[in-house]
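Have a look at the structure below before the remarks.
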């Protein structure tokens, strides 16, 4: 059974710092990995999608890497800002059976950036 | 705007009442999903529909039923609500995972 773990569970940093969020998964047979952002009381916003054949994806100040063989992904946030404060969720997509796939989520890292 | 639409956004039920959560997507995705999100538990899969006409149980299906009405719509029904079903429910869709998953804005359900 696929399990996704995110470390740390919470992180507080001053504005301007570069930071790394970690995600690990137990079964390397994934289709892709997706990072989401969730603000309190809100839905999930997709940040980056990495296909299983890719090593990394970048969007603005965000960079996500994937090492499928070791079951690890990192989300790098450069020059953090107070507006980056949110919960970041890592999820991997894998087969549930011959017909279906679904995302399996980690429990998230709650980031607080102080000004 | 293209995406996943969930209704209602908020609902309060009494124990034993029934209700249906509605979800519709306009991206022509084949697969649709229902998740629940609880503090400390993360998002857990309730049911999913790999394609129109098929549905399967996820990790936490007890107390729920689903209907894939057509390619666009996937509903979640609580036949007899229990306080343990107090949660935030998210619907999602994907196209064989190739382009990732898109989530609705959620339904916040309280059962008293």
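Roughly how many nanometres apart are two label points built 7 Å out from the Cα toward the Cβ at residue A:81 and residue A:52? A separation of 3.6 nm, rounded to one decimal place. When a/c reaches 1.5 or more, the comparison of a/b and b/c decides; with that in mind, is the stretch A:38-115 rounded, prolate or oblate per its Cα gyration tensor? Oblate shape, in that a/c is at least 1.5 and b/c is the bigger or equal ratio.
Restricting attention to chain B, close to 90% of DSSP beta bridges with both partner residues there are antiparallel.
Normalised radius of gyration for the protein assembly as shown, please: alpha carbon Rg relative to 2.2 N^0.38 Å, two decimal places.
1.01
The label point for residue A:12 and the one for residue B:54, both projected 7 Å from the Cα toward the Cβ, are 4.9 nm apart. Subtracting the Cα-Cα distance of residue B:17 and residue B:62 from their residue separation scaled by 0.36 nm leaves 14.6 nm. DSSP beta bridges fully contained in chain A are about 90 percent antiparallel.
Taking label positions 7 Å along the Cα-Cβ direction at both residue A:28 and residue B:105, the computed distance is 4.2 nm, reported to one decimal. Rounded to 0.05, the FRET efficiency of the residue B:2 and residue A:39 pair, given R0 = 25 Å and the Cβ-Cβ distance, is 0.75. When only Cα pairs below 8 angstrom with a gap of at least 6 residues are kept, chain B shows a relative contact order of 36 percent.
Computed on chain A, with alpha-carbon pairs under 8 angstrom and 6+ residues apart, the relative contact order is 36 percent. Annotation: the antiparallel percentage among DSSP beta bridges lying fully within the protein assembly as shown is about 90.
Equivalent ellipsoid of chain B: semi-axes from √(5λ) of the C-alpha gyration tensor, largest first, are 22, 14, 13 Å.
Rule-based calculations on the coordinates, nothing more; no lab input. Predicted, not measured: the structure shown is a model, and the values here were computed from it. So basically every Cβ, Gly included, is an ideal-geometry build from the backbone, and we count neighbours across all protein chains shown.
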